Number of protein chains: 2
Amino acid sequence: MEQNFIEIAKNAKQASLKIADLSTEIKNLALNKIADAFEKNKEEIFSANKKDLSEAEDLVKNGEITKSTFNRLKLDENKMRDMIQGVRDIANLEDPIGKKLFVRELDKDLILTKVSCPIGVLGIIFEARPDVISQISSLAIKSSNAVILKGGKESKNTNKKILEIINSTLDTVDGFPKNVVQQVFTREDVAQMLKCDNYINLIIPRGGNKLVKYIKENTKIPVLGHASGICHIFVDESADIDMASKVVIDAKTQYPSACNAVETLLIHKNFKKADDLLASLQLSEIKLVSNPEAWDIEYGDKILAYKFVDSLDEAINHINTYGSGHTDCIITKDIKNAEKFMNNVDSAGVYMNASTRFADGFRYGFGAEVGISTNKTHARGPVGLEGLTIYKYKLVGDGHIVDDYAKGVKQFHHKDLA
Amino acid sequence: MEQNFIEIAKNAKQASLKIADLSTEIKNLALNKIADAFEKNKEEIFSANKKDLSEAEDLVKNGEITKSTFNRLKLDENKMRDMIQGVRDIANLEDPIGKKLFVRELDKDLILTKVSCPIGVLGIIFEARPDVISQISSLAIKSSNAVILKGGKESKNTNKKILEIINSTLDTVDGFPKNVVQQVFTREDVAQMLKCDNYINLIIPRGGNKLVKYIKENTKIPVLGHASGICHIFVDESADIDMASKVVIDAKTQYPSACNAVETLLIHKNFKKADDLLASLQLSEIKLVSNPEAWDIEYGDKILAYKFVDSLDEAINHINTYGSGHTDCIITKDIKNAEKFMNNVDSAGVYMNASTRFADGFRYGFGAEVGISTNKTHARGPVGLEGLTIYKYKLVGDGHIVDDYAKGVKQFHHKDLA
């Protein structure tokens with residue numbers, strides 16, 4: 001018997017209030033126990049995954065899912081090892097909750113503390129990769145948020161097994177509240193999740209453009225993520241040809257389907273080695289397109305649109321017009337041009353002489369990643385644990401009242417203590 | 001001839017890209033010139049305000065607007081002085097833009113800097129008070145955001161005059177972009193603003209519950225604000241009767257229509273002086289209600305719902321169920337109970353022995369306030385200039401590519417430099 005969604009959401013809300021105050025020790029103990037349990041039960045997970053894979057084989061034959069989706073679905077020994085290590089890594093990260101962001105004496109014996117705290121209930125909607133369920137559950141636990149997960153139907157058996165292991169492990173951890181990690185399975189559940197702004201505080205979609213767009217268009221709950229990654233590299237007049245070639249090739253070919261792969265190359269009309277650059281890209285099996293159907297296509301493949309521009313300003317304007325605010329790079333020797341580019345391009349990542357593929361939470365040193373956000377509020381760019389937190393203000397007084405300050409009997413002195 | 005809204009929004013977007021990079025000096029010069037211009041042209045503003053007031057008198061007679069709306073509409077010498085001083089105060093605040101939030105060496109010659117930057121285009125919808133237009137325009141300028149303002153129709157003449165002065169002053173500031181501060185007037189404009197997620201990044205409604213709810217329900221753009229302020233005070237078993245009485249009276253009567261005024265009093269059943277407390281509140285002309293129609297009514301008047309609870313847990317649970325996540329207080333001598341209350345009540349402000357009326361950006365020492373947010377993402381509680389910022393990541397390399405790290409040729413060392 002399936003629970004109805006509102007009940008699940010209410011339980012998540014209750015769980016979020018209980019986990020908000022849980023000690024770092026209990027959270028880390030829970031995470032390490034989950035990693036141990038994955039280790040111990042990995043054959044069970046593999047066999048659930050095999051069931052998904054055999055069902056997915058038919059879907060590949062029917063053309064219902066692509067071969068690359070099938071590959072992402074597959075858990076092998078390497079992915080399992082990474083998945084388990086991922087949980088332990090999150091246990092080892094600093095607790096993002098309970099940090100004192102400032103301590104301020106407003107007046108004698110009236111102390112204001114800004115403290116980081118969890119957001120509440122997260123709704124996560126993701127596609128095929130089953131290791132996401134372990135990663136997101138771990139991030140939710142570490143950041144003291146409750147989470148409701150909806151995975152792709154292709155990985156249903158694997159997801160169920162992983163969640164079963166997580167929850168039976170959490171049951172053994174003294175003081176760990178129930179219902180912190182819950183899972184739903186149907187499209188109807190997703191439709192209800194998107195409407196559930198009473199209980200769910202943040203939706204994080206992890207998946208393709210269509211999924212993310214659908215979610216953004218159908219909910220009033222804040223959504224953290226990116227619908228597309230239209231990244232640019234602008235090769236300035238003064239660029240070094242070897243550097244330009246090396247960086248563009250990396251940004252396009254190192255992992256073409258990633259959201260931080262470059263899609264459009266802009267070349268300054270006075271860059272003397274343009275022909276050499278384009279030839280070197282073709283040598284690396286990049287298909288160049290000089291007249292694309294549109295300037296905001298995410299190819300996700302070794303295809304690169306390119307265009308000559310008259311000036312740095314035109315490059316900046318092109319990027320701010322057609323880009324997705326993800327990650328954009330200038331290749332130049334001119335530090336002033338680089339500064340102008342980095343200040344005026346309105347993207348989460350603005351790079352000088354480095355591949356757009358660096359836009360990633362692990363590469364930035366966050367230790368774990370929730371996803372990459374192109375939002376302009378809350379969290380932008382690669383989002384680590386900090387993006388799953390907000391803050392509250394604690395004020396401790398000794399019977400202080402505002403009337404004394406309104407009447408001028410007392411004055412604030414606003415002294416920062418930390 | 002009125003411009004159409006999309007044109008205004010496009011102009012705002014262009015302006016936001018230009019003001020993003022403006023120096024602190026130019027922004028502060030602009031603000032001080034605006035303050036001077038208000039000073040010089042205050043009679044013009046007063047006469048525009050008189051026009052609004054005389055039109056509003058009829059509306060008061062017809063019952064279309066309340067006497068208190070009429071009073072808020074009125075600009076007198078005192079309000080004018082505060083309005084002008086407010087602009088100068090914002091000029092004197094630290095620039096929230098361009099702050100280095102961290103500087104991290106990912107590897108040799110690969111430096112990542114997280115820098116604060118503006119959000120982009122703000123849409124502000126506010127009711128009668130005409131000083132809001134000056135305050136919000138100043139905050140937008142200081143934080144390098146463009147802004148589209150929609151004020152109440154009652155203050156149309158005053159708003160027009162104030163904006164005319166702002167924009168003719170900005171025209172005299174060398175290098176200051178056009179269209180940073182724009183104004184719209186009709187309901188149709190608001191409807192279009194709410195749909196305009198291509199160009200507008202954040203909506204801030206300042207006004208009553210109905211306005212805020214309407215906006216939250218009709219836009220996909222992030223909304224910063226609060227629909228209601230259902231604040232609680234819980235008088236614990238160990239509370240001091242004098243302190244309890246003093247704090248509750250301040251929180252209820254110092255400004256009853258404020259969002260941070262208390263609406264519900266919870267009293268521990270073992271608090272021995274409950275009768276004395278209730279009697280003292282009645283002496284202060286507070287109307288006590290023991291059986292309210294609902295536990296989430298914002299009275300906005302000297303009316304206070306109250307209830308006895310069996311335990312701290314019941315108090316916390318009541319607040320998390322019926323509260324609005326604004327500001328809630330415990331009166332107690334028991335520090336453990338206070339800590340539990342402050343950790344478990346899920347509100348922007350959690351207080352011990354201090355009036356809920358302290359929830360305010362000026363009292364918190366922010367120097368200026370955009371509003372108070374009950375959101376769980378981006379900004380919570382009283383929001384100062386920081387709430388109008390986000391950040392971008394600047395990465396400077398020397399031709400660095402990801403492939404070197406994927407292949408293990410190079411390793412990240414993630415060393416924080418600042």
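Name the single residue, out of those in region A:362-376 being hydroxyl-bearing (Ser, Thr, Tyr) and in contact (Cβ under 8 Å) with a residue 40 or more places away in the chain, that is farthest from A:ASN92 (Cα to Cα).
Once the filter is applied, the top-ranked residue is A:THR374.
Is it the case that region B:96-113 has a residue that's surrounded by fewer than 17 Cβ atoms within 10 Å (Cβ to Cβ), within 22 Å of the chain's Cα centre (by Cα), under 21 Å from A:ASN343 (Cβ atoms) and of a type outside the set (Gly, Ala, Ser)?
yes
Say whether the condition of being part of a helix (DSSP H, G or I) and either in contact with a helix residue (DSSP H, G or I) (Cβ under 8 Å, 6 or more places away or on another chain) or surrounded by fewer than 22 Cβ atoms within 10 Å (Cβ to Cβ) (or both) is met by at least one residue in region B:121-131.
Looking through region B:121-131, at least one residue is part of a helix (DSSP H, G or I) and either in contact with a helix residue (DSSP H, G or I) (Cβ under 8 Å, 6 or more places away or on another chain) or surrounded by fewer than 22 Cβ atoms within 10 Å (Cβ to Cβ) (or both).
B:LYS161 is checked against (1) surrounded by 23 or more Cβ atoms within 10 Å (Cβ to Cβ); (2) modelled with pLDDT of 95 or more; (3) outside any strand (DSSP E or B) and fails just one. What number does that condition carry?
(1)
Read through the list (1) in a strand (DSSP E or B); (2) closer than 30 Å to A:TYR199 by Cβ, then give the number of the only condition that B:THR377 fails.
Just one mismatch for B:THR377, condition (1).
Are any residues in region B:1-35 under 25 Å from the mean Cα position of the chain (by Cα), farther than 26 Å from A:ILE319 by Cα and of a type in the set (S, T, N, Q), and if so, which ones?
B:ASN28, B:ASN32
Here is a yes/no grid of residues against (1) open to solvent by 10 Å² or more (accessible area, probe 1.4 Å); (2) more than 27 Å from the chain's Cα centre (by Cα); (3) under 17 Å from A:LEU110 (Cβ atoms):
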| site | (1), (2), (3) |
| --- | --- |
| B:LEU304 | no, no, no |
| B:PHE308 | yes, yes, no |
| B:SER311 | yes, yes, no |
| B:ASN320 | yes, no, no |
| B:GLY325 | yes, no, no |
| B:THR332 | no, yes, yes |
| B:ILE335 | yes, yes, yes |
| B:LYS340 | yes, yes, no |
| B:SER347 | no, no, no |
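Which of the residues belonging to region A:401-418 are aliphatic (A, V, I, L, M) and either open to solvent by less than 30 Å² (accessible area, probe 1.4 Å) or in a helix (DSSP H, G or I) (or both)?
Of everything in region A:401-418, those that are aliphatic (A, V, I, L, M) and either open to solvent by less than 30 Å² (accessible area, probe 1.4 Å) or in a helix (DSSP H, G or I) (or both) turn out to be A:ILE401, A:VAL402, A:ALA406.
For region A:376-400, which positions are open to solvent by 20 Å² or more (accessible area, probe 1.4 Å) and out of contact with any His (no Cβ under 8 Å at 6 or more places or on another chain)? If you could, list the steps in order and put the result at the bottom.
Filtering region A:376-400 down to residues open to solvent by 20 Å² or more (accessible area, probe 1.4 Å) leaves A:376, A:378, A:386, A:391, A:394, A:396, A:398.
Result: A:LYS376, A:GLU386, A:TYR391, A:LYS394, A:VAL396, A:ASP398.
Please return the ranges of helices (runs of 4 or more DSSP H) entirely within region A:1-90 where 3 or more residues are polar (S, T, N, Q), closer than 18 Å to A:LYS156 by Cα and more than 14 Å from chain B (Cβ to nearest Cβ).
Fully inside region A:1-90 and qualifying: A:42-61, A:67-73.
Could you list, in sequence order, all residues of region B:348-372 that are at the interface with chain A (Cβ under 7 Å from one of its Cβ atoms), touching a Gly at 6+ places or on another chain (Cβ under 6 Å) and not in a loop (DSSP other than H, G, I, E, B)?
Answer for region B:348-372, where residues must be at the interface with chain A (Cβ under 7 Å from one of its Cβ atoms), touching a Gly at 6+ places or on another chain (Cβ under 6 Å) and not in a loop (DSSP other than H, G, I, E, B): B:GLY349, B:ASN353, B:ALA354.
For a quick check of your reading: which strands (runs of 3 or more DSSP E) sit entirely within region A:225-321 and have at least 3 residues that are β-branched (Val, Ile, Thr)?
Ranges flagged: A:262-268.
For (1) touching a helix residue (DSSP H, G or I) at 6+ places or on another chain (Cβ under 9 Å); (2) among the polar types (S, T, N, Q); (3) open to solvent by 10 Å² or more (accessible area, probe 1.4 Å); (4) under 15 Å from B:ILE8 (Cα atoms), each residue gets a yes or a no:
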| residue | (1), (2), (3), (4) |
| --- | --- |
| B:ILE166 | yes, no, no, no |
| B:ASP174 | yes, no, yes, no |
| B:THR186 | yes, yes, yes, yes |
| B:MET193 | yes, no, no, yes |
| B:ASN198 | yes, yes, yes, yes |
| B:LYS213 | no, no, yes, no |
| B:GLY225 | yes, no, no, no |
| B:ILE241 | yes, no, yes, no |
| B:VAL247 | yes, no, no, no |
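Going by the conditions given, is A:LYS252 crowded, with 23+ Cβ neighbours inside 10 Å, of a type in the set (Lys, Arg) and over 20 Å from A:ARG380 (Cβ atoms)?
Taking the combined requirement at face value, the residue satisfies it.
Please name all residue pairs, on different chains or six or more residues apart, with Cβ atoms under 6 Å, provided the first residue is in region A:278-296 and is more than 13 Å from A:THR253 (Cα to Cα) and the second residue is assigned to a loop (DSSP other than H, G, I, E, B) and open to solvent by less than 40 Å² (accessible area, probe 1.4 Å).
A:ASP296/A:ILE230
Taking interchain pairs and intrachain pairs at least six residues apart, which have beta carbon atoms under 7 angstrom, with the first residue in region B:332-345 and touching a residue at least 60 places away in the same chain (Cβ under 8 Å) and within 15 Å of B:ASN317 (Cα to Cα) and the second of a type in the set (Asp, Glu) and open to solvent by less than 10 Å² (accessible area, probe 1.4 Å)?
B:ASN337/B:ASP236
With the condition kept exactly as written, say whether any residue in region B:392-410 is more than 8 Å from chain A (Cβ to nearest Cβ) and touching a residue at least 24 places away in the same chain (Cβ under 8 Å).
Our first condition is that a residue be more than 8 Å from chain A (Cβ to nearest Cβ); within region B:392-410, this holds for B:404, B:407-410.
Then drop every residue that is not touching a residue at least 24 places away in the same chain (Cβ under 8 Å), which leaves B:410.
Yes, the conditions are met somewhere in region B:392-410.
Here is a check on your reading of the model: is A:VAL147 part of a helix (DSSP H, G or I), in contact with a strand residue (DSSP E or B) (Cβ under 8 Å, 6 or more places away or on another chain) and open to solvent by less than 20 Å² (accessible area, probe 1.4 Å)?
Judged against the criteria, A:VAL147 is not a match.
Quick one: count up the residues across region A:97-120 that are assigned to a strand (DSSP E or B) and small (Gly, Ala, Ser).
1
The values are calculated or read from the model by the stated rules, or taken from the named source; none is laboratory data. Here the structure is a predicted model, which is why all the values come from computation and not from measurement. Reconstructed Cβ throughout: ideal geometry from the backbone, glycine too, with neighbour counts over all protein chains shown. Heads up: the accessible areas ignore ligands, DNA and RNA and are worked out on the full protein's heavy atoms, side chains in. Shrake-Rupley method; radii C 1.70, N 1.55, O 1.52, S 1.80 Å.
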